Amino acid sequence: MKSISFVLLMMMVLPVFCQTKDTKAIILLDEVSAKTKSYKSIRADFSYTMENKQAKINEVKIGTLTLSGDKYRLKAAGQEVICDGKIIWTYLKESNEVQINDLDNKDEALTPSKLLSSYTASYKSKILKDRSATDPNEATIELIPNVIKNFTKAILVVDKVKKQVKSFMLYDKSGNIFTYKITKYQTDLPITAADFTFDKSKFPGVEVIDMR
């Protein structure tokens with residue numbers, strides 16, 4: 001299975017220009033972005049599925065993403081990725097090791113705040129459905145990246161009233177489909193700087209690999 005942090009970071013490559021003819025989609029995405037950026041902190045629990053019908057793969061994981069601006073902490077699939085805005089620590093539970101990188105060395109990645117708030121600069125967008133069969137406040141939006149790299153499209157589902165992301169699906173060139181469903185969304189929780197740094201004392205015997 002691909003690294004879950006890698007899949008998330010694929011969503012953070014931001015080309016400069018947006019090309020879209022769907023005004024309703026761009027307005028809704030701008031509203032979601034503004035609402036998300038208004039929070040001092042966000043904690044989202046999510047389920048994560050990787051599916052490849054041809055390869056008969058269907059893997060399900062769960063995780064938690066905590067973020068505040070450019071700082072974040074991601075726990076999922078035996079990994080813990082922590083960033084204080086300048087340095088990224090990637091802890092691998094199976095091998096009990098942590099890799100340390102400068103943020104600038106992470107393959108054009110910006111921050112997970114982009115995952116929940118930045119769409120208009122990255123994609124051509126259009127609304128596929130302005131409501132679902134079970135929820136009139138749910139909109140489904142197709143996002144096609146302006147610059148095709150690792151994935152070909154994303155399908156984003158948002159709550160039009162709460163202005164929140166509910167789920168999204170990524171389709172990559174290899175036929176993999178990555179589905180993320182947010183199961184719990186909390187905002188403005190109390191956080192400290194320690195939430196976004198790696199504390200070696202809490203990981204006995206950890207091997208530190210400094211790649212800076």
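In the range 25-65, the residue that is farthest from F178 (Cα to Cα) out of those that are free of Cβ contacts under 8 Å to residues at least 40 places away in the same chain and polar (S, T, N, Q) is S38.
Restricting the range 187-212 to residues that are part of a strand (DSSP E or B) and modelled with pLDDT of 95 or more, which is surrounded by the fewest Cβ atoms within 10 Å (Cβ to Cβ)? Selected residue: D210. It is to be established whether one or more residues within the range 118-138 are within 22 Å of G78 (Cβ to Cβ) and modelled with pLDDT under 95. There is no residue in the range 118-138 that is within 22 Å of G78 (Cβ to Cβ) and modelled with pLDDT under 95.
Is there a residue being at pLDDT below 85, under 16 Å from the mean Cα position of the chain (by Cα), part of a loop (DSSP other than H, G, I, E, B) and not small (G, A, S) anywhere in the range 145-155? Taking every residue of the range 145-155 in turn, at least one turns out to be at pLDDT below 85, under 16 Å from the mean Cα position of the chain (by Cα), part of a loop (DSSP other than H, G, I, E, B) and not small (G, A, S).
Are there any pairs with C-beta distances below 6 angstrom linking a residue in the range 89-117 that is modelled with pLDDT under 95 to a residue that is outside any loop (DSSP other than H, G, I, E, B) and of a type in the set (G, A, S), with the two at least 6 apart or on different chains, and if so which? These pairs meet every condition: S117/S33.
Mind listing just one residue for me: the one in the range 38-75 that is of a type in the set (K, R) and touching a Leu at 6+ places or on another chain (Cβ under 9 Å) and, of those, surrounded by the fewest Cβ atoms within 10 Å (Cβ to Cβ)?
In this case the residue turns out to be K40.
Among the criteria (1) of a type in the set (V, I, T); (2) at pLDDT 90 or above; (3) surrounded by 13 or more Cβ atoms within 10 Å (Cβ to Cβ), the one V161 does not fulfil is (3). Filter the range 144-184 for residues that are of a type in the set (S, T, N, Q) and out of contact with any Lys or Arg (no Cβ under 8 Å at 6 or more places or on another chain); which is nearest to A44 (Cα to Cα)? Filtering first and then ranking leaves T183.
So that you can scan it fast, the table gives a plain yes or no per residue for (1) at pLDDT 90 or above; (2) farther than 21 Å from L170 by Cβ; (3) not charged (D, E, K, R):
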{"position": "N58", "(1), (2), (3)": "no, no, yes"}
{"position": "T64", "(1), (2), (3)": "yes, no, yes"}
{"position": "G69", "(1), (2), (3)": "no, yes, yes"}
{"position": "G85", "(1), (2), (3)": "no, yes, yes"}
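N176 passes every criterion in (1) at pLDDT 80 or above; (2) under 15 Å from T36 (Cβ atoms); (3) polar (S, T, N, Q); (4) surrounded by 18 or more Cβ atoms within 10 Å (Cβ to Cβ) apart from (2).
The values are calculated or read from the model by the stated rules, or taken from the named source; none is laboratory data. On a predicted model such as this, the values are computed, not experimentally measured, just so you know. So basically every Cβ, Gly included, is an ideal-geometry build from the backbone, and we count neighbours across all protein chains shown.
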